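Here's the structure we're looking at; comments come further down.
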Amino acid sequence: MSRKRLIKLALWAFVALLFWWAWHDIALIQVWDAISQLSLLSLAILLLLNGAIVLIFSSRWWIILRALGHKISYLTLAKYRLASFGLGYFTPGPQFGGEPLQIYFLHKNHGVSTETALTSVSLDKLLEMLSNFTFLSIAMLVVVWQGLFFQEMVGTVVGFTGGMIALLVGYMVLLWMGRTPLAWIFGRLSFKGKQASPSVIRETLLGVESQIGNFCRQQPRTLLLSGLLSALKWVSLFGEYALALRFLGLEVNLVNALAIIVFARLAFLTPLPGGLGALEAGQVFAMQSLGFDPVFGVSMSLFIRVRDSLLALLGLWLGSLDKR
């Protein structure tokens, strides 16, 4: 058996183990009883709220493109962003994989140069990663401060998230100063044989990093607005999550809700498509640790799984219809 096949089998065995752990003490009827607490009105409210959040997701990319001189319809970009999410959701890894589709749509449908399209998507992703790790760092500091989780590994957890923030901020500062770190590193790598054209890749990196650096220097207000939109996105996600818990019949305080959503977001950082298994196990662990019925963990993960899968499939369908 090849090494690659062995790794795949081990990965899927691990997913199966996570699912078994999450479900082994829970009967399906218990989950149905919890899910049935969601009335048609509550489902409609959550659907409308989630639709608004999906639209917010495209706001940062939209203002970046406008600042770069490309005025593209907001709803069109929202469609591209949803298609990208659909591709990334079903791709192994921490929600990456759909970005090339965004670049393709910009270039094919709107005549945006590949370099500028790559710049817009890269900057949007860079700001997204920065906001994600900032939220996780703040959330975990609050959770640790309240003595709920991570007590034994507080240094590792906070050190990792803080290190990622420092790395991303440091990278943006270097770009703002006119440096091109990735192009510099790539230029010093050695390539054997006929492995594509490293010089072309380096030139592309150089152009993209130069554009991002110019953007950071010339568009500080746009960067500030992007940060505010990122904060709005996280406030909306937190509000939706807390509301879903309440509709399921679970009364939690602000800190408990924050702790539970941290485990949901950490699941999507695992190298599993859609955080498969990690989401379910993480939600059950969080509920048990906080003294709640683990049925709520399975129910909440099922709600998230169905919601995200439907959105991902909708995105893939919308992307397949784009034939302009």
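No value in this document is a laboratory result; all are computed from the given coordinates. Predicted, not measured: the structure shown is a model, and the values here were computed from it. Note: ideal-geometry Cβ built from the backbone for every residue, glycine included; neighbour counts use all protein chains shown.
Pairs from the table (K71/K233; K8/K125; K108/K233; K4/K125) all lie within 32 angstrom of each other at Cα.
If you bin all the Cα-Cα distances of the chain at 20 Å, starting from zero, the percentages per bin are 27, 57, 15, 0.
Footprinting exposure proxy ranking of R202, R66, R5, fewest other C-beta atoms within 10 angstrom first, gives R5, R66, R202. Going by a ≥ b ≥ c, the root eigenvalues of the Cα gyration tensor, does segment 1-128 fall in the rounded group (a/c under 1.5), the prolate group (a/b larger than b/c) or the oblate group? Cα axes put segment 1-128 in the oblate bin. The fewest-to-most ranking of W234, W176, W145 by surrounding Cβ atoms within 10 Å reads W145, W176, W234.
What dipole magnitude, in Debye to the nearest 20, does segment 3-99 give about its Cα centre under +1 on Lys/Arg Cβ and -1 on Asp/Glu Cβ?
660
Spacing of the modelled spin labels on R188 and I29, each 7 Å from Cα toward Cβ, amounts to 6.6 nm.
If we count other beta carbons within 10 Å of each Cβ, what is the order of D124, D293, fewest first?
Details: D124 23, D293 16.
By the 10 Å Cβ count, ascending: D293, D124.
Farthest toward the positive end of the dipole of segment 166-324, out of L167, L269, G315, is the Cα of L167, where the dipole comes from beta carbon charges about the Cα centre. Neighbours of D124 by Cβ distance under 13 Å: Lys/Arg scored +1, Asp/Glu scored -1, total +3. Magnitude of the charge dipole for segment 38-321, about its Cα centre and with charges confined to Cβ atoms of Lys, Arg (+1) and Asp, Glu (-1), is about 880 debye.
Most tightly packed first, judged by the mean number of other beta-carbon atoms within 10 Å of their residues, the peptides 204-215, 17-28, 67-78 read 204-215, 67-78, 17-28.
In summary, the helical segments of the chain meeting the span-like criteria, namely a full DSSP H run, a Cα extent along the axis of 18 angstrom or more and a mean Kyte-Doolittle hydropathy of at least -0.5, are 3-23, 40-56, 74-89, 114-145, 154-176, 198-218, 220-247, 254-267, 294-321.
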